[in-house]
1. Can you compute the FRET efficiency between residue A:72 and residue A:40 using 1/(1 + (r/R0)^6), with r the Cβ-Cβ distance and R0 = 22 Å? Round to the nearest 0.05.
2. Please give the contour-minus-distance gain from residue B:401 to residue B:181: 0.36 nm per residue of separation, less the Cα-Cα distance, rounded to one decimal in nm.
3. Just counting partner chain Cβ atoms within 10 Å, what average do the residues of peptide A:78-86 show around their Cβ?
4. Considering segment B:45-196, what Rg and Dmax in Å follow from its alpha-carbon atoms?
5. How would you order B:98-111, A:27-40 from highest to lowest mean count of nearby Cβ atoms within 10 Å?
6. Across the residues of B:336-343, average count of Cβ atoms on other protein chains within 10 Å?
7. Once each part is reduced to its C-alpha centroid, what is the distance from segment B:283-325 to segment B:170-187 in angstrom?
8. Sort the following peptides by mean Cβ neighbour count (other Cβ atoms within 10 Å, averaged over residues), highest first: B:257-269, B:335-347.
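Here, each number is a calculation from the coordinates, and none is a lab measurement. If you're wondering where the values come from, they're calculated on a predicted model, not measured in any experiment. Here the Cβ is made from the backbone with ideal geometry for all residues, glycine too, and neighbour counts use every protein chain on show.
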Amino acid sequence: MAEKIVAGRTIQVNEEGYMTNPSEWTREIAAELAKEEGITLTDKHYAVLEFIREKALAGETLTIRKIGTSGIVDMKEFYQLFPGGPLKLASKLAGIPKPTSCV
Amino acid sequence: MKNILILGAGTAGSMMANKLSRVLDKKEWKITVVDPASTHYYQPGFLFIPFGKYSRKDVVKPTEKLLPRSVELIKSEVETLFPGENKVVLKDGKSLAYDYLIIATGARLAPEETTGLLGPLWQKDIFEFYTLEGALALADRLKNFNGGKLVMSIVDMPFKCPVAPIEFVCLADDYFKKRGIRDKVEIYYVTPLSGAFTKPIAARMLNQVMQERNIHIISDFYIEHIDNENKKLVSYDEREVPFDLLTIVPLNKGADFVGRSKIGDELNFIPVDKHTLQMPQYPNIFVLGDAAAIPTSKAGSVAHFAGEILFENILHIIEGKAPAEKFDGHSNCYIEVGQGKASLIDFNYDTEPLPGTYPVAGIGPFKLLDVTRINHWGKLAFRWIYWYFLVKGRALPVSAHMSMKGKKVVS
Ligand SMILES: Cc1cc2nc3c(=O)[nH]c(=O)nc-3n(C[C@H](O)[C@H](O)[C@H](O)COP(=O)(O)OP(=O)(O)OC[C@H]3O[C@@H](n4cnc5c(N)ncnc54)[C@H](O)[C@@H]3O)c2cc1C
């Protein structure tokens, strides 16, 4: 665990850079974390991040498919918005823990 | 007369019908099971069919024979559930009322959800082994496969028996060695996960097992479509994996009636309380086995452990008491790795697979996270245990709750 100052606020992050306290999240923090990943957030990005936060905070397990069928983006767009590992990256920017698959 | 209705006569449904009919007073309780299938499959046995180790007769029994006589079996498909009315409507239009409902309709394959999967190469160079017919067709194809790229790929999580594809590639390695053509075959394991497995300590062990067998892992690969013409998998981030022979685990989904009844998630699995398996809005409805959306494996062992807990709880609930026990997510899987050996993992919601011994601390005879011959015998014996104990709802000398006894805590 470590502390990090992002967008003028102190946040708690784990060794992989995921925020450990989702309530510390703000849109500005997301924008700054995105910059570190080389991404400039658009409204579409934010819509996805907010969907992810809402579901994760309600205790739901997220999958790429769940986001791809959310009506906000399809799976192809999700990959384009968050290249590489979209679910991991989007979770990081949404200030929620790294998604784990339950096996 | 009160009614307990069980939807599905697979592993979970048959086990509950057997357990409940043994203790409930037949003058007070009527147990009804609905399932259109007349055959019950021992699905873990499908793994051995492509390699000619098991045949059809090893993995089938008539559904009826596994259920007690006092239970009525209705051979029809559930069309819709009306949870607010305690009513189930069947495909033939008949409607059934219940006091308590157990949904055990499992997971089905949905190959239609992946573009190109059911294309011209389906059942020619693209196969699955999660159904008996699929496994038999693959056995025929493997006999005529004399070299090239064999790709095992997984469409998405969750899927039943998450170790089965790993076992498949290990057994394939063995199989080609025995045929003397291993040097002519390249084996690839293509997964949407970041590694062979999700839980870190087990992943390390399984990565090593695959490395030793010269099986290449391609991770974070999420299939967008299958190009039949050029014989390759294409991912959403536009990577490509060519194949000569593709074995795939298609998308797994819950039964269609779940979607029609609006009680499931986007894959038609049903969210329930992970400790009691009750639907939050409908405490007289329980979901057992693969049909449930709970954070543990979709496996027969989970259906078994969860079923023990559910059985105790139902007996409490019908007497107007609160559920007595909590399911901890206990899962237990033998992993065949070829060469006559197997590994074993044992875990739950909170504890990842750890090394040690099972089921008796310090003694075993089975070794957790280790690769041994005796684990392999455990896997083979499981078929017998399945038919005569598990499905029949007879007690087994293992605890439903996961135990830390016999486990070594490592990181
Ligand atoms: C290749 C393979 C290997 C496996 N290996 C292992 C292993 O080594 N260890 C392990 O623990 N598990 C293993 N499993 C998983 C295990 O077989 C399943 O988790 C288990 O059978 C789940 O039981 P269930 O009762 O939930 O579903 P199932 O046993 O699949 O039963 C579901 C039943 O519901 C019926 N049904 C479906 N829809 C309807 C409807 N609309 N109306 C009425 N009935 C319906 C079906 O006909 C079926 O009979 C393996 C599975 C596969 C495919």
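1. With R0 = 22 Å, the Cβ-Cβ based efficiency is 0.75.
2. So the chain would gain 74.7 nm between residue B:401 and residue B:181.
3. The mean count of partner-chain Cβ atoms within 10 Å per residue comes to 3.
4. In order Rg, Dmax, the Cα atoms of segment B:45-196 give 19.9, 62 Å.
5. Final packing ranking: B:98-111, A:27-40.
6. 0
7. First find each Cα centre; the distance between them is then 42 Å.
8. Answer by packing, highest mean first, reads B:335-347, B:257-269.
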